[in-house]
Amino acid sequence: MSTSRRVTLAVSFSSLFLIWLANVASGEQPKEAHITALVRDVTLVSPQAETRLAALNDTLPDKTMVWTDADSRAEITFPGQAVARLWSDTVLSVKNGGRDLELGKGVILLEVPPGIKGKIHAPGIAAAVSGTTVMFESHPNVFKFLVLEGTGRLYRPRSLGDSLLVKPGQMVFGRPHAALSDPVDFDIARFLRTCRLIYDFPPLHSEILMVAESDKQDRQKSKKMLIDTNLFIFGGGTLVSVVDPGTDAATTAPQQNASPNLGHTKGP
């Protein structure tokens, strides 16, 4: 995926950064979930089924549904400073003050600070998160769950014992109603370079932690505890491609998806 950026933000990057910086400087904590960034058209559906276009700083009462249109994105900040970023064509319902999120479809990048417990539910699959930054992608026949820092628990709600702890730099993908597969390793540095839900927005509070996990992977590579492979997932979905080692895979990916180019690594 190219790292070139199209100027499509309804609010410019500089404006988004100033809003973020002002909130951090003031130490203010939001009392309700609210919209902190918008790109193009994002629709809100209220608990009473009333539909309208979202605006910056809109609050989101429980059971509000957020629907991003094509080529649209949104950022939601929750009480306790948890942050969710939604890619285009994503449907998310906010419940319990943001502690329970229903991902109907699409892609969400979620940062949950320590001390805050939350859950993400998608068809057939769910994750419990606290003190972690993750990406969750859900489509009718496939899901993908990645951990960038911290630890998340992925599980199938109706299958007792089908549960996994997913650590930084690990990814689980498969079919929503099938048994969970073992985690595989992915390249955190490549994710941070190529995911537009990272670089199209101001820095997350967990950025330093994600970089630290990336540095840890580099040290593991230098000791041959992790080995780069020529396997990549370009953008959304779970299709694994084999790439010529001499190819710069980061510049050959499809351009339209928020999901990063995932360079796989493996143990020796």
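Read-outs: derived from the displayed coordinates by stated rules, not from any lab. All values derive from a computational prediction rather than experimental measurement.
Data table
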| read-out | value |
| --- | --- |
| Partner aspartates and glutamates for Lys95 [C-alpha distance under 14 Å; skip if fewer than 8 residues away on the same chain] | Glu32, Asp62 |
| Proximal lysines relative to Lys167, as straight alpha-carbon distance under 16 Å, when same-chain residues fewer than 8 apart are discounted | Lys144, Lys216, Lys266 |
